[in-house]
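Reading through the structure tokens given below for one structure.
The values are calculated or read from the model by the stated rules, or taken from the named source; none is laboratory data. Since the structure is predicted, the reported quantities are computational estimates derived from the model, not experimental observations. Every residue, glycine as well, gets a Cβ built from its backbone with ideal geometry; the counts of neighbours run over all protein chains shown. Only protein heavy atoms, including side chains, enter the accessible area calculation; ligands, DNA and RNA are left aside. Shrake-Rupley method; radii C 1.70, N 1.55, O 1.52, S 1.80 Å.
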Amino acid sequence: MGELRGSVAVVTGAGRGIGRAIAEELAEGGARVVVNYSRSKEPAEELVEKISASGGEAVAIQGDVSDAGQAARLIEQTAERFGRIDVLVNNAGINIDRTMRKMSPEDWDRVVQVDLNSCFYTVKAALPHFVENGGGKIINISSFVGQAGNFGQANYAAAKAGIIGFTKTAALELARYNVCVNAVCPGFIETDMFAGVPEEVQEKIKARIPLGRVGKPREVARAVRYLIEDGDYITGQTLNVNGGVYM
Ligand code: NAD
């Protein structure tokens, strides 16, 4: 069984939303958590204070993970600070939604750069640390959109589908080092990303979800924690936390 207590976990894009919930969940389990942020310094530092106030240990480290150099620096700073890395959660993500008629090559590139390429950058940088530790857990946050496709999200769907292919390949390559690599595919979750959807569209979305509601960030975080604590024999999988919106 994976031990969370005392482990070192990096969560990218953890200033708010799902990443924040994951950081809180892992800290509650006793992990020492790196709260990565790109621009939102205040929320990240506020989260670190909140975790510390409830007896946990966390540190905020700035770094735009869509930049290979900054992603590598995030991992190096983590190793310098804590001496090891046991868990990497690639959560940072953005969306720039437009139908393909209106989507520019820059819209395409930016989303793929942030949502997909960042995963390769952080995993590549963390790999020597996992090998040195004799194992670890990597969880990549994909989306049901990467499985089902979604109108106006060609860039996002491609990036999120890419994460699933990357996850399976990383699982194959890293199994020999005792590193388990899995993807979590959330459905619609109550975060700023979802709040940006117009209200009438939100209602239509809810009507499509068999469980009749959008999910909570903590419900995704619990799945991530499960993969870390109980997922020693689970690798290369996608765990769907989506209220049944995609089966
Ligand atoms: P959010 O916009 O609330 O949070 C995303 C976080 O990532 C923010 O803190 C942002 O600052 C950070 N970030 C963005 N670019 C970054 C970069 N280059 N480097 C470092 N950090 C960066 O979104 P969320 O809803 O919490 O989404 C988190 C993840 O879950 C994303 O990968 C998203 O695609 C995925 N997801 C969300 C939903 C949903 O309905 N909310 C559904 C499926 C998947």
Which of (1) without any contact (Cβ under 8 Å) to a residue 40 or more places away in the chain; (2) within 12 Å of the ligand (Cβ to nearest atom); (3) within 17 Å of the chain's Cα centre (by Cα) is the odd one out, the single condition K41 does not satisfy?
(3)
Examine the stretch 92-99 for a residue that is open to solvent by less than 50 Å² (accessible area, probe 1.4 Å), touching a residue at least 60 places away in the same chain (Cβ under 8 Å), within 29 Å of F144 (Cβ to Cβ) and in contact with a Ser or Thr (Cβ under 6 Å, 6 or more places away or on another chain), and state whether such a residue exists.
yes
State the number of residues belonging to the stretch 140-158 that are touching a Cys at 6+ places or on another chain (Cβ under 9 Å), touching a residue at least 40 places away in the same chain (Cβ under 8 Å) and open to solvent by less than 20 Å² (accessible area, probe 1.4 Å).
5
In the stretch 30-53, which residues are assigned to a loop (DSSP other than H, G, I, E, B) and open to solvent by 10 Å² or more (accessible area, probe 1.4 Å)?
G30, S38, R39, S40
Condition first: out of contact with any helix residue (DSSP H, G or I) (no Cβ under 7 Å at 6 or more places or on another chain) and within 20 Å of K124 (Cα to Cα). Can you find one or more residues in the stretch 38-46 that meet it?
yes
Subset tally (residues that are near the ligand (Cβ under 8 Å from one of its atoms) and over 19 Å from F130 (Cα atoms)) for the stretch 71-97
4
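Conditions (1) touching a residue at least 40 places away in the same chain (Cβ under 8 Å); (2) within 14 Å of the ligand (Cβ to nearest atom), marked per residue:
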{"site": "G187", "(1), (2)": "yes, yes"}
{"site": "E190", "(1), (2)": "no, yes"}
{"site": "V201", "(1), (2)": "no, yes"}
{"site": "R218", "(1), (2)": "yes, yes"}
{"site": "R222", "(1), (2)": "yes, no"}
Please count how many residues of the stretch 3-29 are open to solvent by 10 Å² or more (accessible area, probe 1.4 Å), part of a loop (DSSP other than H, G, I, E, B) and within 16 Å of the ligand (Cβ to nearest atom).
2
